[in-house]
Every structure is written in C-alpha cells, then in structure tokens.
1. Given the residues GLU20, GLU83, which is the only one that is in contact with a helix residue (DSSP H, G or I) (Cβ under 9 Å, 6 or more places away or on another chain), in contact (Cβ under 8 Å) with a residue 12 or more places away in the chain and of a type in the set (D, E, K, R)?
2. Criterion first (under 30 Å from ARG106 (Cα atoms) and either touching a Phe, Trp or Tyr at 6+ places or on another chain (Cβ under 8 Å) or buried (at least 17 other Cβ atoms within 10 Å of the Cβ) (or both)) does VAL82 satisfy it?
3. Given the conditions (1) at pLDDT 95 or above; (2) among the small types (Gly, Ala, Ser); (3) buried (at least 16 other Cβ atoms within 10 Å of the Cβ), and given that GLY26 satisfies all but one, which numbered condition is not satisfied?
4. Looking at ALA77, is it within 19 Å of GLY11 (Cα to Cα), touching a Leu at 6+ places or on another chain (Cβ under 8 Å) and surrounded by 12 or more Cβ atoms within 10 Å (Cβ to Cβ)?
5. Need the failing condition index for MET22 against (1) assigned to a helix (DSSP H, G or I); (2) touching a strand residue (DSSP E or B) at 6+ places or on another chain (Cβ under 7 Å), just the number.
6. Would you confirm whether any residue within segment 27-42 is of a type in the set (Lys, Arg), more than 29 Å from HIS105 (Cα to Cα) and not in a loop (DSSP other than H, G, I, E, B)?
7. Specify the residue that is farthest from the chain's Cα centre (by Cα); the eligible residues are those in segment 33-50 that are hydroxyl-bearing (Ser, Thr, Tyr) and within 12 Å of ALA19 (Cα to Cα).
8. If I ask for residues that are assigned to a loop (DSSP other than H, G, I, E, B) and either over 11 Å from ASN6 (Cβ atoms) or in contact with a Cys (Cβ under 9 Å, 6 or more places away or on another chain) (or both), which ones from segment 88-108 would you list?
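The values are calculated or read from the model by the stated rules, or taken from the named source; none is laboratory data. No experiment lies behind these values; they were computed from the predicted model shown. All Cβ positions, glycine included, derive from the backbone under ideal geometry; neighbour counts span all protein chains shown.
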Amino acid sequence: MKVVVNRCYGGFSISREAAELMASMGCKQAQAELDQISDFWYGYGYVEGFDNGYSRIDEHLIYAVETLGAKANGCSARLVVVEIPDGVKWYIRDYDGMESIEEEHRSW
C-alpha cells in the first residue's frame, strides 16, 4: 500500500500545481479547494463537503506526488510516497509537521 507523508518540519500541504493535476483527473476535493482560492493558497484539502484534509492513500494524491516530485510540495512540505505492507494497521505520527508511518499496537 502506498501512503503520502511529509518528511520535513512545517506540515503537510500540496502545491496548487498538484491540486490542478488532481482535479484534472477527477479529484473532487482538489477541485473544491481550487474553487475556494482567495489570495493565498493553502493546499490542505479542508473544504466544504469534505470532513478532513486529503486522504494520504488517495490515488490522485499519490499520482501527483510521484509525477510532480518536488513540484507537488506545498508551503513547508517535502512530500514522499512510502510503501507499507498490505494488511498492516497503521497511522501517521506527526512531530512538528515531520511525519512517519507507524504500526498500530494495543495499549492499556
């Protein structure tokens, strides 16, 4: 399974170019964010009609990051695609915007 994470301090965001590519492929969330543009581009995917930011396993997002490389990075972001084994329960751990994928474990 492929997952997009941010590998630098600052936080996840995509470039406007990445959103435009995703929208051209039919990503409604990217198109909604493009439609909401004011003077400043954020690239977080938090738009009306969508509960959260971009899904990190979204095929459009993965394609944009793999295709555009560094041009897919939003402000203070360095996006990479990480491949993890199928069937693993995982979550994204965030420390000041620097993200890693970790396997879920039980804790009490």
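1. Details: GLU83 fails: in contact with a helix residue (DSSP H, G or I) (Cβ under 9 Å, 6 or more places away or on another chain).
Checking each option against the conditions leaves just GLU20.
2. Taking the combined requirement at face value, the residue does not satisfy it.
3. The one condition GLY26 does not meet is (3).
4. The answer is no for ALA77.
5. In the conditions (1) assigned to a helix (DSSP H, G or I); (2) touching a strand residue (DSSP E or B) at 6+ places or on another chain (Cβ under 7 Å), MET22 misses (2) alone.
6. Yes, there is a match, as at least one residue in segment 27-42 is of a type in the set (Lys, Arg), more than 29 Å from HIS105 (Cα to Cα) and not in a loop (DSSP other than H, G, I, E, B).
7. That would be TYR42.
8. Of everything in segment 88-108, those that are assigned to a loop (DSSP other than H, G, I, E, B) and either over 11 Å from ASN6 (Cβ atoms) or in contact with a Cys (Cβ under 9 Å, 6 or more places away or on another chain) (or both) turn out to be VAL88, LYS89, GLY97, GLU104, HIS105, ARG106, SER107, TRP108.
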